[in-house]
Amino acid sequence: MDQFLASFVTGMFSPEWIAAFTGIVLLDLLLSGDNAIVIALACKNLPQHNRGKAILVGGFGAVFIRICCTLFATGLLATPYLEFIGGVLLVYIAINLLTDHNDGEEEGGKKPTTFFAAIRTILVADFIMSIDNILSLAGVANTVPEGKWSLIICGLMVSIPIVLFGAQMFLLIMMKVPALVYFGAAILGWTSATLMTEDLALGTYFTGYELILKVGLTLFVLAAGYLINKRASATA
């Protein structure tokens, strides 16, 4: 135990460690946005009294998933087709979140969104979107080998308030401006295309077409969501 603690604090607060930690915080701010958005989208249709709990559980769950994925990062990131399949699943999740409008109440014979259904959606989407976070976090941490684990753990801890605060803010804004849900879905559509283009097995086939795929999938998510919502409104 003493040996672990000694290795953990080695290199902490050195100029190199502080520079790397600053980079990790900036990356957390940039890369945690999509996690916060998916948490907010999944919670928007819960009853009011469950939204805060779902954000808290989903946020800590997202960080726990990052910790587990970081520990097994080498094996995960070397798995072909993983990112492509994750991108496809994220497209489905984005459209599903965009077209789910139960608002926590029984409507048209359809059951309201449940607490556990929202948590399940958050955890699945967070697992898919944790890949870029893991790559970035591990890459920066490796620049200071003697302080690698302290950087990784501190970086993961910093991401908790960022994700929770971001999800809460986006949800509050979305409740006042419901159309913002399309912006959130567009972010997820763009993220799904990014995952596909970075896949080890299939990513090479998209070389030179990355922007086309990202724009195309983003528009597809928005168009599919809009048409499904329009048809549902007409039916209602």
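Any chance you could run the full-extension gain for Met169 through Gln48? It's 0.36 nm times the residue separation minus the Cα-Cα distance, nm to one decimal.
42.1 nm
Among residues other than Ile122 whose Cβ falls under 15 Å from its Cβ, what is the net charge (Lys/Arg +1, Asp/Glu -1)?
Net charge around Ile122: +2.
In whole Hz, what ³J(HN,Hα) sequence does the stretch 196-202 give by Karplus (6.51, -1.76, 1.60; θ = phi - 60°), x for Gly and Pro?
Those phi angles translate into 4, 6, 9, 5, 5, 8, 10 Hz.
Please compute the net charge surrounding Phe21, taking Lys and Arg as +1 and Asp and Glu as -1 over other residues with Cβ under 15 Å from its Cβ.
Spelling it out: positives minus negatives among the neighbours equals -2.
Can you give the local net charge around Ala186? Use residues other than it whose beta-carbon is closer than 12 angstrom to its beta-carbon, Lys and Arg +1, Asp and Glu -1.
Computed value for this residue: 0.
So if each residue of separation counts as 0.36 nm, and I subtract the Cα-Cα distance between Leu211 and Ile67, what length gain in nm does that give?
Full-extension gain reported as 48.8 nm.
All of the numbers you see were taken from the coordinates with simple rules; none came from a lab. Given the structure is predicted, the values throughout are model-derived calculations rather than measurements. Ideal geometry is used to build each Cβ from the backbone, glycine not excepted, and the neighbour counts take in all protein chains shown.
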